[in-house]
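S.K.: Before I ask anything, let me first share the structure, which is written out below as structure tokens.
The values are calculated or read from the model by the stated rules, or taken from the named source; none is laboratory data. As the structure is a computational prediction, the values presented were derived from the model and not from experiment. No Cβ is skipped: glycine too gets one built from the backbone with ideal geometry, and neighbour counts run over all protein chains shown. Remember, those area values only see protein heavy atoms, side chains included, never the ligands or the DNA or RNA. Shrake-Rupley method; radii C 1.70, N 1.55, O 1.52, S 1.80 Å.
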Amino acid sequence: MSLFKVYNNLLELLLEHKEWLLLELGKIPEKTYLLFDFPGQAELYSVHDCVEKLVQFLTQHDIRIAALYFTESRHASEPHMFTAALLATLASMLRLSLPAVNVLSKIDVAPRLPARLETFTDPVDLAFMFDASDDEDENGKKIRKSKRRRIRERVSEQLADVASSYGLVKFNPLVVTDERLLKMIIIQVRPL
């Protein structure tokens, strides 16, 4: 059975036993944070509605929920991957309608970023990531990009522009061994 199926079955089970879930949540001391982790299972909240239904049920019962979306910083070194991550984060934020904190994780092991970190933590203008010029080989000779690649780059640039234009997605840098960065993320989640 796939991990997705396991999570989906678990969420459907929780939805079938909502009153039990409320009872169990009521036993947890106040000011306690619960984490529901869906590693690599974006389909649970971007395509299927089980997480959305669970969130709606819990928020109707005055349970405060915030979403944390983690994107690995290695995606920021590749414009198309970062655009895809930006769009996936935005789509999930819109689907769940929850206060969100977006995290750019593993910045300590990321490959060299094509710009300053602040560019990715507050993506205002990502146009610099998309180079319209042709590539060069190791001898400095121009290599013409294929039509398909040029179209992909143009579409990615336009999508990145749409995603960043509204300022909805802002990433917080994270290194798990950096207590200061962890505290900054917790401070952002706390008032939500």
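S.K.: Which one of L104, I151, F57 is farthest out on the positive end of the charge dipole of the chain, using unit charges on Cβ (Lys, Arg +1; Asp, Glu -1) and the Cα centre as origin?
M.R.: I151
S.K.: At a probe radius of 1.4 Å, what is the per-residue accessible area of H48, in Å² to the nearest 10?
M.R.: Counting only protein heavy atoms, H48 exposes about 80 Å² to solvent.
S.K.: A further question on this structure: If each of Y33 and Q56 carries a label point 7 Å out from its Cα toward its Cβ, how far apart are those two points in nm?
M.R.: 2.8 nm
S.K.: Okay, moving on. Given R₀ = 25 Å, what would the calculated FRET efficiency be for Y166 paired with R190, taking r from the Cβ atoms and rounding to 0.05?
M.R.: Values: r = 25 Å, r/R0 = 0.99.
Efficiency, rounded to the nearest 0.05: 0.50.
S.K.: Leaving out ligands, DNA and RNA, what percent of the accessible area of the chain is carbon and sulfur, probe 1.4 Å?
M.R.: 56 percent
S.K.: I've got another one for you. Could you compute the net charge surrounding S105? Neighbours are other residues with a C-beta less than 12 Å from the C-beta of S105; K and R count +1, D and E count -1. Please report the intermediate quantities before stating the final value.
M.R.: Details: positive: R74, K106; negative: E72, D108, D178.
Overall, the nearby charge balance is -1.
S.K.: 7 Å from Cα along Cα→Cβ at both K18 and D108: what's the point-to-point distance in nm?
M.R.: 4.2 nm
S.K.: For the chain, report the accessible area per residue in Å² (1.4 Å probe, heavy atoms, rounded to an integer).
M.R.: Accessible surface, normalised per residue, equals 66 Å².
S.K.: Which shape class, rounded, prolate or oblate, goes with the range 64-188 when its Cα gyration tensor gives a ≥ b ≥ c as root eigenvalues, a/c under 1.5 marks rounded, and past that a/b bigger than b/c marks prolate? Mind dumping the intermediate values first?
M.R.: Numbers: a/c = 2.98, a/b = 1.65, b/c = 1.81.
Oblate.
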